[in-house]
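The values are calculated or read from the model by the stated rules, or taken from the named source; none is laboratory data. On a predicted model such as this, the values are computed, not experimentally measured, just so you know. Backbone-built Cβ (ideal geometry, glycine too); neighbour counts: all protein chains shown. The area values use the complete protein model at the heavy-atom level, side chains included, leaving out ligands, DNA and RNA. Shrake-Rupley method; radii C 1.70, N 1.55, O 1.52, S 1.80 Å.
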Amino acid sequence: EVQLVESGGGLVQAGGSLTLSCAASGFTFDDYAIGWFRQAPGKEREAVSCISSSDGNTYYANSVKGRFTISSDNAKNTVYLQMNSLKPEDTAVYYCAADSIWTVIPGIPGTFGSWGQGTQVTVSS
């Protein structure tokens, strides 16, 4: 079965950096897209970034463009989210999600069928 495990969350001061990891198993990694989403208390789940493991094409939400970088290591079946210049409004539970490159639409949560358990990111001001 498809399994996704996020790690790397924690507490960081505004302006700091943090790197999240999503370890994937149970599917052909090269044929999948991996997305990062986040949800803060009282807010809707929102897309952050997405990458295609087949060609490396990426998507970023405007709110994180220029600050966050998504990357993949296909040999390790792992996707990373490097977060720089963090702001308090980045505080949320961050989830990774995956599905076939033939199915997903970057930025649309409903097109991703498999989800991890989430990791908390807290940015203090």
Of those in region 30-48 that are touching a strand residue (DSSP E or B) at 6+ places or on another chain (Cβ under 8 Å) and more than 22 Å from Ser124 (Cα to Cα), the residue surrounded by the fewest Cβ atoms within 10 Å (Cβ to Cβ) is Asp31
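Is it the case that Ser125 is closer than 26 Å to Gln13 by Cα and at pLDDT below 95? Steps first, please.
Numbers: closer than 26 Å to Gln13 by Cα: yes; at pLDDT below 95: yes.
Yes.
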Every listed condition ((1) in contact with an Asp or Glu (Cβ under 9 Å, 6 or more places away or on another chain); (2) in contact (Cβ under 8 Å) with a residue 60 or more places away in the chain) holds for Ala61 save (2)
All-but-one check, Gly116 against (1) in contact (Cβ under 8 Å) with a residue 12 or more places away in the chain; (2) of a type outside the set (Asp, Glu); (3) out of contact with any Cys (no Cβ under 6 Å at 6 or more places or on another chain), failing number (3)
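Conditions (1) in contact with a Cys (Cβ under 6 Å, 6 or more places away or on another chain); (2) among the polar types (S, T, N, Q); (3) at pLDDT below 95; (4) not in a loop (DSSP other than H, G, I, E, B), marked per residue:
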| position | (1), (2), (3), (4) |
| --- | --- |
| Pro41 | no, no, yes, no |
| Val64 | no, no, no, no |
| Glu89 | no, no, no, yes |
| Val93 | no, no, no, yes |
Considering every residue within region 73-81, establish whether at least one is loosely packed, with under 15 Cβ neighbours inside 10 Å and modelled with pLDDT of 95 or more. no
A careful count of residues in region 49-62 that are open to solvent by less than 60 Å² (accessible area, probe 1.4 Å) and not in a strand (DSSP E or B) gives 3
Counting only residues that are surrounded by 20 or more Cβ atoms within 10 Å (Cβ to Cβ), assigned to a loop (DSSP other than H, G, I, E, B) and among the small types (Gly, Ala, Ser), region 97-121 contains a total of 1
If you go through Ser100, Ser114, the only one that is of a type in the set (Ser, Thr, Tyr) and more than 16 Å from Ser54 (Cβ to Cβ) is Ser114
Restricting region 7-17 to residues that are in a strand (DSSP E or B) and either without any contact (Cβ under 8 Å) to a residue 40 or more places away in the chain or open to solvent by 30 Å² or more (accessible area, probe 1.4 Å) (or both), the one nearest to Ser71 (Cα to Cα) turns out to be Ser7
For Asn74, the lone unmet condition from (1) touching a helix residue (DSSP H, G or I) at 6+ places or on another chain (Cβ under 6 Å); (2) in contact (Cβ under 8 Å) with a residue 60 or more places away in the chain is (2)
